[in-house]
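What follows is one structure encoded as structure tokens, with my remarks underneath.
Laboratory data are not the source of any read-out in this text; all were calculated from the coordinates shown. Nothing here was measured: the structure is a model prediction, and the numbers come from that model. All Cβ positions, even for glycine, are placed from backbone atoms using ideal geometry, and neighbour counts span all protein chains on display.
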Amino acid sequence: RSGGEGGWVLRKRNAASGVGTGEWRHRAARAKLARPRAEPGGGACGLRRLRMSGGGLFLRAAAVARSWRALVAFTASRRPLRTSPRGRAFAKELFLGKIEKKEVFPFPEVSQDELNEINQFVGPVEKFFTEEVDSRKIDRDGKIPNETLEGLKSLGLFGMQVPEEYGGLGLSNTMYARLGEIISLDGSITVMLAAHQAIGLKGIILAGNEKQKAKYLPRLASGEHIAAFCLTEPARSARARPSPPIPTILSSAHICLGSGSDAASISTRATLSEDKQHYILNGSKVWITNGGLANIFTVFAKTKIEDSDGSVKDKITAFIVERDFGGVTNGKPEDKLGIRGSNTCEVHFENTRVPVENVLGEVGGGFKVAMNILNSGRFSMGTAVAGMLKKLIGMTAEHACTRKQFSKKLSEFGLIQEKFALMAQKTYVMESMAYLTAGMLDQPGFPDCSIEAAMVKVFSSEAAWQCVSEALQILGGSGYVKDYPYERMLRDARILLIFEGTNEILRMYIALTGLQHAGRILTARVNELKRGNVTTVMETVGQRLRDTLGRRVDMGLTGTLGAVHPSVGDSANKLEENVYYFGRTVETLLLRFGKTIAEEQMVLKRVANTLINLYGMTAVLSRASRSIRIGLRNHDHEVLLANTFCTEAYYQNLFTLSQLDKYAPENLDEQVKKVSQQVLEKRAYICAHPLDRTS
Amino acid sequence: MTRKFSEQHGGAQRQDRPGLEYAARRVSGCPSSRGMSGVRAILLTRSLSRGWGGICRATLSGTPFSQVPSQILRSLHCSAAARNSDSSLVPHPPEPPRGPAKALAPHEELFRQAPEAVRDKASFLQAVQNFAQHNVHKRGHVDFIYLALRKMREYGVERDLAVYNLLLDIFPKEVFRPRNIFQRMFVHYPRQQECGIAVLEQMENHGVMPNKETEFLLIQIFGRRSYPMLKFVRMKLWFSRFKNINPFPLPRDLPQDPVDLARLGLQHIEPNLSAKVTIYQMPSFKDSTDSSDLAKPHILGIQSPDQQAALARHDPARPIFVEGPFSLWLRDKCIYYHILRADLLPLEERKVEEIPEEWNLYYPMQLDLDYERSRWDDYEFDIDEVEEGPVFAICMAGAHDQATLAKWIQGLQETNPTLAQIPVVFRQGGSIGEVLAPSPGLEEPPLSPPEGQEEEEESDGNRARDESEWSKGQRL
């Protein structure tokens, strides 16, 4: 971020042209080299491919123009993995009842040049997706046809975030998010690309050394090689018989992008060979997206590590494994509910010899690598879903405005209108959240936005499922048949709640990470309270007293010099009030539960839900304020959406926060636990049949 | 795990008392050793009325007066008769020394018409019909009904509602209904009402729920405001409440095959639904004619995955024990089981399960905070728990000798390879006969020979046996 008054200039771009031309030549040469490989597809589509590759070259040319920034990114990416937060992250401060205004106001902007550039990208990609991609066929055949793959490759979509010097497009997070909106028009392709670059090759970008990057990234970026991420393993009991994996793993693991959350259960083993030049890799992985297509695998395996004190421990290490190393086999593709075009299968490694230089990051440091990869890619789901929903709103609105019932158009019925309002609102919120997060991530210094990204993922996946379901409701029967794309969208949307970490798991992450932060800061205060320091106790009691008497919270969002526009001022006040009481509640919870709060999952879920709402409110307020101030088209509509969402979320938050009070009558956790306990004890629904009699 | 086991163990012991019959005993007011005071109150009124009845009966029918107080006593106290599964209200046939010759109960001949014929429902119904035919005026019907009630078990119809209704149908209709307020105030036709109650009582003891027809008959015979009707209403109320009170329900008819019975018993002991029953040996007989001569007794075992994992973790240096036989009552059947268990690890050798640092890829499993749950939010009761050692497997076998149990251990080794390294000590209790007999020194001296219902403390008594009684430990 450049200074104070300028606000959000994402990056300075100066004198890029000189470097750019050089890059251009280099690129053209590489493209020429790559050409013959693309040939054997057949003559009939040659012309089209030429046109497309033209588009791809064009894209790349545009990409080259940003090489300066890429250079910065490159140098920065050589830093060790980002683990420590740079500044004060917005979401974490919310746990203390504070709004870190500088992080979120004003809404991140891109410069005009960049905008043009993005639009240049977007055009050809959109054209390709509307004209060349037959989603229905992909879904039916369970396979992405080769010519589509070639098209994607020539558009450069396999290396969107790969730095340019390695032949990728080197897109910023914002641009990546923007392209995601279009790619999401087909679920299978989105998942295939995400598995390739959001997790498959992300490890090399984040943790790889110079040699590894130079060796693997160019061919991965061009799509010559496809990457896969191998983390999840079959459950222990299933290991005796390798296939099929038992489906219980679905609940806790995330299938398609291929990872389970239980690192301790990894049993794939890498042992150092006698000459210390190779690791011998043995084991199987399940639910590997692209498992059948990939040539490069990021594999996590246990290795024996000698600790500093001489004891030998099993630790996880990440490896880059090429299919050519030998001993790599994969099972048949899984037959899935949705995203049927993506390839998901088991991958087995049998005495695969991996050279020691292919260790990703440090030996024994695989856990951190995996965590960073998984945390880095989540925000993009927000824009992907928004893109899909925007298209869906268009299609359903068309239906609602043409179909008549009882001599009235569907669009005149209140219950139908409600559904459109819901879809518009959800889309607006997730879009705002996603681009706000992308903007934060694009700030220099690699800020830690993993909580924000997780919130975007949870909100957008749930909104997607809800909206698609409501859309099907509007469409009635035609939503349910295979002649229309809607049922496919529904099936595809279901996976969003499951992969990249199930929403349940992410809620735990959101709540616990924030509580950890708040807990550390509150430690001193809590200790004093527990010791019974009179001043602190009096202070707290006084504060509570003022709270109950009703206090007016002012965090400076509104007013003459406020961060938000007056037309959303009321909503901003609601946000402030919610944030204040959220902070209070967090403090109370920490006082009550201490570190055992990690076991109170139902409490944590509420904390996470409130936080997601708060973040959504902030995002829409920020975005709507900007829209009004710069006079964007239909900004009054945005204000309307922002205000409705904020009011809804405000009351939801009030309810949730009151549930978190002690002895709250709204809180049914104990009953809920008891019900499930009784059901699970018998492993069945235990009520007698309503027609049963005792006599 | 071990605690669960023992709980379940207790539960299993309790369930030999079928839910309905158990409930029935409470309703009838024949108090078990821990009868409720409310029940007692009901009982008191009723036995008072019975006293009334007895007096009236004595004056009316000339039965010896001395019978009355004994009856009051019997129903007031928890007597042996109350523990009997047969009805306490059915008077026993007069004792032999009373008459000069062996006096037959009246109408006995109706049930002895065809001694060689099979005793089943048809012949019972035949007897009842014969009574109605021979006795147009229904003289002596009360005696006949008492007799029939006593005979029901012999004929195997004690759980047949239709038969009870038929018995009630013997009563002449409309005769015993009170017609004015004075009749209503006092017990009208007490002997007949007593008899009606006895029928209902026996139904209750066998868990037979009266139906509409019973109600209709009772109204016809005794009227709506009569003691049998009161009994009927109470049965209707409490039977429905208590019918499913047993949390460990058993099928009404237990399987006859010992293997099936053992499987049922094992599944009742083991609360874990993942536990698997394995048949290590099917029973086979030396020669097919004599079934008592077992060549190979059946051996069934149950083990849950948790138990298997616990056994795999067990330190091979510490011995494990095969103990038993312990008894388990399933309704009126007693079966015996053995357990494979280990001693509790001494405190200093227990390892604390620590949460590995790199475990969950998504969220921290533990928070790094130095304050605990506040005392105001700690709802855990402070309970002193007696810890027991782990139980690794349970077995039921047709024989309780060491050779049979060794076969079980051998079978277990297939699924638990570590068992081969662990020394197994057989600690056998005495003979089965010893287990069967009520062991002295229990809290409650048995009032009557155990009739298959009240043996809850049995296994505890067995467990408390002195170590010296165990046969010498032997390594496998």
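Order these by the 10 Å Cβ neighbour count, fewest first: B:Phe131, A:Phe229, A:Phe406, B:Phe248.
Working: B:Phe131 20, A:Phe229 30, A:Phe406 7, B:Phe248 15.
Ascending number of Cβ neighbours within 10 Å: A:Phe406, B:Phe248, B:Phe131, A:Phe229.
Evaluate the Debye formula for the stretch A:459-502 with equal point scatterers sitting on the alpha carbons, no solvent, and hand back log10 of I(q)/I(0) at q = 0.31 Å⁻¹, in q order, two decimals.
Result of the Debye calculation: -1.04.
Setting aside same-chain residues fewer than 8 positions from B:Lys351, which lysines have a Cα under 16 Å from its Cα?
Answer for B:Lys351, where 16 Å is the Cα cut-off: none of the lysines qualify.
Order these by the 10 Å Cβ neighbour count, fewest first: A:Phe158, B:Phe216. List each step's numbers first, then the result.
Values: A:Phe158 28, B:Phe216 12.
Going from sparsest to densest Cβ surroundings: B:Phe216, A:Phe158.
For a footprinting-style exposure proxy, rank B:Met229, B:Met282, A:Met617, A:Met395 by other Cβ within 10 Å, fewest first.
Fewest-to-most Cβ neighbours within 10 Å comes out as B:Met282, A:Met395, B:Met229, A:Met617.
Once the Cβ-Cβ distance between B:Asp377 and A:Glu357 is put in as r, and R0 is 35 Å, what FRET efficiency do you end up with, to the nearest 0.05? Before the final figure, lay out each step's value.
Values: r = 53 Å, r/R0 = 1.53.
The formula returns an efficiency of 0.05 here.
Consider just the alpha-carbon atoms of the stretch B:116-184 and return their Rg together with their Dmax, both in angstrom.
Reported Rg and Dmax, both Å: 14.1, 52.
Which pairs in the list A:Lys101/A:Lys426; A:Lys92/A:Lys211; A:Lys92/A:Lys368; A:Lys98/A:Lys605 are over 29 Å apart, alpha-carbon to alpha-carbon? Walk me through the numbers before you get to the answer.
Working: A:Lys101/A:Lys426 23 Å; A:Lys92/A:Lys211 37 Å; A:Lys92/A:Lys368 21 Å; A:Lys98/A:Lys605 21 Å.
Where the Cα-Cα span goes over 29 Å, the pairs concerned are A:Lys92/A:Lys211.
Which number do you get for Rg(Cα) / (2.2 N^0.38 Å) in the stretch A:142-208? Show your work: numbers first, answer last.
Working: Rg = 11.8 Å, N = 67, 2.2 N^0.38 = 10.9 Å.
That works out to 1.08 for the stretch A:142-208.
What translational diffusion coefficient, to the nearest whole µm²/s, does the stretch B:204-310 have by Stokes-Einstein, given a Kirkwood radius computed over alpha-carbon pairs, a temperature of 25 °C and 0.890 mPa s viscosity? Working shown, then result.
Details: Rh = 18.3 Å.
Result for D is 134 µm²/s.
Remind me, what semi-axes does the stretch A:395-544 give for its equivalent ellipsoid, largest first in whole Å, using sqrt of 5 times each Cα gyration tensor eigenvalue?
Details: eigenvalues 411, 78, 40 Å².
Taking √(5λ) for each eigenvalue gives 45, 20, 14 Å, largest first.
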